[in-house]
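Single-structure report; data block below.
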Amino acid sequence: MGVEEVKDEPLYRGRVCGIDVGKAELYATIRVPSDSNPARRASETRRFATTKRGVLELAGWLRCWQVPAVVMEATGDYWKGPFYRLEAEGFECVLADARQVKNLPGRPKRDPSDSAWLAACFERGAVTACFVAAPEFRLIRLHTRYRRDLTEERTREKNRAEKLLESAAIKLSSVLTDLHGVTGRDIMGHLIAGERDPRALAQLARGRARAKISELVAALEGAEFFTAEHAALLRTMLDRIDQIDAGIARLSQTIEQLLAPWEEQLQQAESMPGWRRRSAEDALAETGPDMTRFPTGAHLASWAGRTPLESSSGQRKGKARAKKGNRYLAAVTGETAVAAGKTQTREGARYRRLARRRGKPKAQVALGNTQLKVYHALLSHPGTRYQDLGPDYYERQRDTRRQIAHHVGKLGALGFEVTLCRIPEPEPGESATTPAA
């Protein structure tokens, strides 16, 4: 057979613009139908500043060429300014994952050529849009993410204070469950004020710590090594912790006000085992309330990086890397998975089963995957709440499978071929039993 001419596949978009964004400037390439030959494409690349004036000049240039849609690569945070500005000007903006439009061998890696490559991929439909939060949730995200960053900084500061006490031979954290609780803060305050008597310091214990006074005396016997320089440094650390606490409290109040219109979605998320108010706020700020942005719960779990590692059949150099995703949502599910593992629920039973067989880190990822699928289902159906299947869910499933296998085996031994099908659920208002003939 000879060579057969085939017709080109139609373009996904007729007029497009690809933008490679830098810190101070961006390169934009438009691809439109050619005036001289409709079967060919015309292309032009221009450079613009990333300031408001520069992006508005870009918008005017795109309107002149009747380009309705632009695509840009998700690199750092530099894409946000041009993306939000062009979106406000009425253009359809698409954010491309860098792995979809990665550089190919032999192609020059320069900003103008990158913008042309983005435009070519976009017009052929080879770009899948990344998730970009709605404008109101971009503001909420700033607050929730900063609150988490402050919480992590407070934890680091508390660890520094504990190390400082250890360096002065004070073993307070070995006795107290919470070094920065009421008893711990009182003892550290008196240490800073100059008190060095272990017995006097131990008498500051309150609540359940009163049962550990003898242990506190032993832990504070090295207080003579606690110098004035130690006291000054510890005072600075405690002041820093108090400042962070005040900042977190202010942020939490603002977040409550910003998320007030979505109280129903927050309560839905809070109904899941291991979830509290802050977990629900952080998760809703990342995903938004519209679950149609994620086709299924599995898509949401994959976007958050709560999916198993990819196991390819070919040769791999080294171990499989952890799946990347939204690190803030992954942090939320990591905390909620551990909390749910301590509950007498179906999710708690799942966590404990997996932790025994595969270890706690993998159990956290697996349960986070389950929780995000439940989260997606809840927010997709307003008014619903989490209904637990019980901590004995897996035992009941196992017993059912054993009974089925036993009876099928018995019937097979009698010469019967067994085909199983589940009886459909009765419609509302119908009887669950079949009436006699």
Pairs needed: first member in segment 47-65, within 14 Å of residue 90 (Cα to Cα); second member anywhere, buried (at least 18 other Cβ atoms within 10 Å of the Cβ) and among the basic types (Lys, Arg); C-beta distance under 8 Å; at least 6 residues apart or different chains.
55/85; 56/85; 59/85
Among the residues of segment 177-203, how many are among the polar types (S, T, N, Q) and part of a helix (DSSP H, G or I)?
1
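To keep it simple, each residue is scored yes or no on (1) open to solvent by less than 60 Å² (accessible area, probe 1.4 Å); (2) among the aliphatic types (A, V, I, L, M); (3) in a helix (DSSP H, G or I); (4) farther than 26 Å from residue 324 by Cβ.
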site: 20; (1), (2), (3), (4): yes, no, no, no
site: 38; (1), (2), (3), (4): no, no, no, yes
site: 43; (1), (2), (3), (4): no, no, no, yes
site: 61; (1), (2), (3), (4): yes, no, yes, yes
site: 67; (1), (2), (3), (4): yes, yes, no, yes
site: 99; (1), (2), (3), (4): no, no, no, no
site: 114; (1), (2), (3), (4): yes, no, yes, no
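Looking at residue 330, is it touching a helix residue (DSSP H, G or I) at 6+ places or on another chain (Cβ under 6 Å), over 17 Å from residue 268 (Cβ atoms), modelled with pLDDT of 90 or more and buried (at least 20 other Cβ atoms within 10 Å of the Cβ)?
Numbers: touching a helix residue (DSSP H, G or I) at 6+ places or on another chain (Cβ under 6 Å): no; over 17 Å from residue 268 (Cβ atoms): yes; modelled with pLDDT of 90 or more: yes; buried (at least 20 other Cβ atoms within 10 Å of the Cβ): yes.
For residue 330, the condition - touching a helix residue (DSSP H, G or I) at 6+ places or on another chain (Cβ under 6 Å), over 17 Å from residue 268 (Cβ atoms), modelled with pLDDT of 90 or more and buried (at least 20 other Cβ atoms within 10 Å of the Cβ) - is not met.
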Residues satisfying the stated conditions in segment 36-80, i.e. out of contact with any helix residue (DSSP H, G or I) (no Cβ under 9 Å at 6 or more places or on another chain), hydrophobic (A, V, I, L, M, F, W, C) and under 24 Å from residue 99 (Cα atoms)
74, 79
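For (1) modelled with pLDDT of 95 or more; (2) closer than 17 Å to residue 376 by Cα; (3) open to solvent by less than 20 Å² (accessible area, probe 1.4 Å), each residue gets a yes or a no:
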site	(1), (2), (3)
298	no, yes, no
306	no, yes, no
317	no, no, no
325	no, yes, no
341	no, no, yes
349	no, no, yes
361	no, no, no
Condition set of a type in the set (D, E, K, R) and not in a strand (DSSP E or B), scope segment 45-59, selection surrounded by the fewest Cβ atoms within 10 Å (Cβ to Cβ): answer is 53
What is the one condition in (1) open to solvent by less than 40 Å² (accessible area, probe 1.4 Å); (2) farther than 27 Å from residue 232 by Cβ; (3) more than 16 Å from the chain's Cα centre (by Cα) that residue 181 does not satisfy?
(2)
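Considering segment 54-77 alone, what residues qualify as being of a type outside the set (A, V, I, L, M) and modelled with pLDDT of 90 or more? Outline the logic, then answer.
Of the residues in segment 54-77, the ones of a type outside the set (A, V, I, L, M) are 54, 57, 60-61, 63-66, 68, 73, 75-77.
Within segment 54-77, 54, 57, 60, 61, 63, 64, 65, 66, 68 qualify.
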Single match in 85, 31 (criterion: of a type outside the set (A, V, I, L, M, F, W, C) and open to solvent by 60 Å² or more (accessible area, probe 1.4 Å))
85
Checking residue 155 against (1) of a type in the set (S, T, N, Q); (2) crowded, with 19+ Cβ neighbours inside 10 Å; (3) under 30 Å from residue 259 (Cα atoms), which single condition isn't satisfied?
(2)
Suppose we filter 409, 383, 390, 415 for residues that are part of a loop (DSSP other than H, G, I, E, B), free of Cβ contacts under 8 Å to residues at least 12 places away in the same chain, open to solvent by less than 90 Å² (accessible area, probe 1.4 Å) and of a type outside the set (Val, Ile, Thr); which single one remains?
415
Return only the number of the condition from (1) in contact with a Phe, Trp or Tyr (Cβ under 8 Å, 6 or more places away or on another chain); (2) surrounded by 18 or more Cβ atoms within 10 Å (Cβ to Cβ) that residue 79 does not satisfy.
(1)
Inspect all residues belonging to segment 143-162 and state whether any of them is farther than 30 Å from residue 329 by Cα and either without any contact (Cβ under 8 Å) to a residue 60 or more places away in the chain or touching a Ser or Thr at 6+ places or on another chain (Cβ under 8 Å) (or both).
no
Every residue from segment 165-176 that is in a helix (DSSP H, G or I), in contact (Cβ under 8 Å) with a residue 40 or more places away in the chain and touching a Leu at 6+ places or on another chain (Cβ under 6 Å):
165, 172
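The values are calculated or read from the model by the stated rules, or taken from the named source; none is laboratory data. Quantities reported herein were computed from a predicted structural model and do not represent experimental measurements. All Cβ positions, glycine included, derive from the backbone under ideal geometry; neighbour counts span all protein chains shown. Protein only, heavy atoms only, side chains kept; ligands, DNA and RNA dropped before computing areas. Shrake-Rupley method; radii C 1.70, N 1.55, O 1.52, S 1.80 Å.
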